[in-house]
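Presented below is the structure to which this report refers.
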Amino acid sequence: MKPDTRTPGPAAGTESSADSGISATAMFVANPDVSCRIEGDAGAVLFNPDTDTTRLINPTGILIWNYLSEPHTVGEIVAFVAGSYSNLPDTASVQKDAEAFVKDLAPGFVSEC
């Protein structure tokens, strides 16, 4: 298991890239059975008791994880992250990182709904 060291990017995109395989209208939500333990400034550990698996996420991952307590599209995640940070990379980078985050945590931690 490796920590999520991705850097967030700016701005709100509504379309997912064609290579990602994620539809622009697909909604994602955090698994309510998964616990999130903050580990100081380094990030957090997610634990799924159903599968006995963990994932490490960085501070931006915590921001996204908390946002996914309600269903959201990747485009909405991108807009939320962009509104939460200043001086971010380009929108395409944020979009790519948000898609990778959702894919990495599905299934088990994040579900498409």
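Laboratory data are not the source of any read-out in this text; all were calculated from the coordinates shown. What you are looking at is a predicted structure, and each value in this text was computed from that prediction instead of being measured. Backbone-built Cβ (ideal geometry, glycine too); neighbour counts: all protein chains shown.
For the reader, a short list of remarks on this structure follows.
- Taking Cα centre as origin and charging only the Cβ of basic (Lys, Arg, +1) and acidic (Asp, Glu, -1) residues, the dipole magnitude of segment 60-113 rounds to 80 debye.
- Peptide ranges 31-40, 96-105 listed from the most packed, as the mean C-beta count within 10 angstrom indicates: 96-105, 31-40
- Computed magnitude of the charge dipole of segment 11-109 (debye, nearest 20; Cβ of K, R +1, Cβ of D, E -1): 60
- Average Cα contact separation per residue, segment 25-112, under 8 Å, 6 or more apart, as relative contact order %: 36
- Prolate/oblate/rounded label for segment 25-112 (Cα gyration tensor, a/c 1.5): oblate
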